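First up is the structure itself, then whatever we jot down about it.
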Amino acid sequence: MRTDAARNRNTLVAAAKTVFARDGAAASLDAVVREAGFGIGTLYRHFPTREALYEAVYRRDIERLVELGQAAADSVDPVEDLRRWLHAMVGTVATKKGMIAAFALAADTTSAISARWTGSLTVALDALLYRAIRTGEVRGDVRGEELLLAVVGMCMLRDQPGWQASVLRLIDTLVDGLRTDRGAQAPG
């Protein structure tokens, strides 16, 4: 792919993420191209179907979450890395919810796309969780898959305005509840 074509594709994916997360069911392909500053023809050259755009946005989000987990490998605060990753996951779910609503995608379409990437998310989350467990700051009786399901469940059950802030507070409570006595912070 030529450099300018790759740049246009990346711009479209970033614009789509913004529009889907912001507009939810009201999101449209016209809004995506306006956000990107392109015409509809440019969008269709790169993404011939709505599902192709959906998959590209979702893939980018998953790759960024995996990268965030890998970047935390040398960090000195594994509990905060875990919290930061779970917070980023809320943004991914918000985008996915917006895409499903905007495109009225069939459940089997979204499930197939999600299934392709869930393993990568679980591996990244398991690595973050294992680091926190190994330091003794977090209990060892929880798995990454369980945390992932908890976060996705919290996100999917909330649809009112402000739902993301509420879920982020719940994630903070969840992470604090995973701390051991050794990892508990003194009240400030």
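The values are calculated or read from the model by the stated rules, or taken from the named source; none is laboratory data. This one's a predicted model, so the numbers in the text were calculated from it and none came from an experiment. Using ideal geometry, Cβ is built from the backbone for each residue, glycine included, and neighbour counts are taken over all protein chains shown. We work out accessible area using only protein heavy atoms, side chains counted, and drop any ligands, DNA or RNA first. Shrake-Rupley method; radii C 1.70, N 1.55, O 1.52, S 1.80 Å.
Each residue of the range 145-159 in turn: what ³J(HN,Hα) in whole Hz from Karplus with 6.51, -1.76, 1.60 and θ = phi - 60°, glycine and Pro shown as x?
4, 5, 5, 4, 5, 5, 5, 4, x, 4, 5, 6, 7, 10, 10
Taking only protein heavy atoms into account and a 1.4 Å probe, give the accessible area per residue of the chain in Å².
Ligands and nucleic acids excluded, the result is 52 Å² per residue.
For labels at E146 and T180 in the simple 7 Å Cα→Cβ model, what's the distance in nm?
1.6
Grab the Cα-Cα distance for A71 and V123, subtract it from 0.36 nm times how many residues apart they are, and report the gain in nm with one decimal.
Separation in residues times 0.36 nm, less the Cα-Cα distance, equals 17.3 nm.
Please list, in chain and number order, the residues 5+ apart from T180 or on another chain whose amide H is under 5 Å from its amide H, with Hs placed from the backbone.
Amide H neighbours of T180: V138, R139.
What label, among [x] 0.94; [y] 0.98; [z] 1.02, belongs to Rg/Rh (Cα atoms, Kirkwood Rh) computed from the structure on display?
[z]
Calculate, for T135 and M156, the FRET efficiency according to 1/(1 + (r/R0)^6) with r their C-beta to C-beta distance and R0 41 Å; round to the nearest 0.05.
Numbers: r = 31 Å, r/R0 = 0.76.
Result of the calculation: an efficiency of 0.85.
Give, as a single signed number, the net charge of other residues whose beta carbon lies under 15 Å from the beta carbon of V152, with Lys and Arg counted +1 and Asp and Glu -1.
Residues near V152 contribute 0 overall.
With the dipole of the chain worked out from charges on the C-beta (+1 for Lys and Arg, -1 for Asp and Glu) around the Cα centre, which of L65, F38, L12 lies farthest toward the positive end?
Of the listed residues, the answer is F38.
Got a sec to turn the phi values of the range 21-28 into Karplus ³J(HN,Hα) couplings, 6.51 cos²θ - 1.76 cosθ + 1.60 with θ = phi - 60°, whole Hz, x for Gly and Pro?
Rounded to whole hertz, the list is 5, 7, 9, x, 5, 7, 5, 9.
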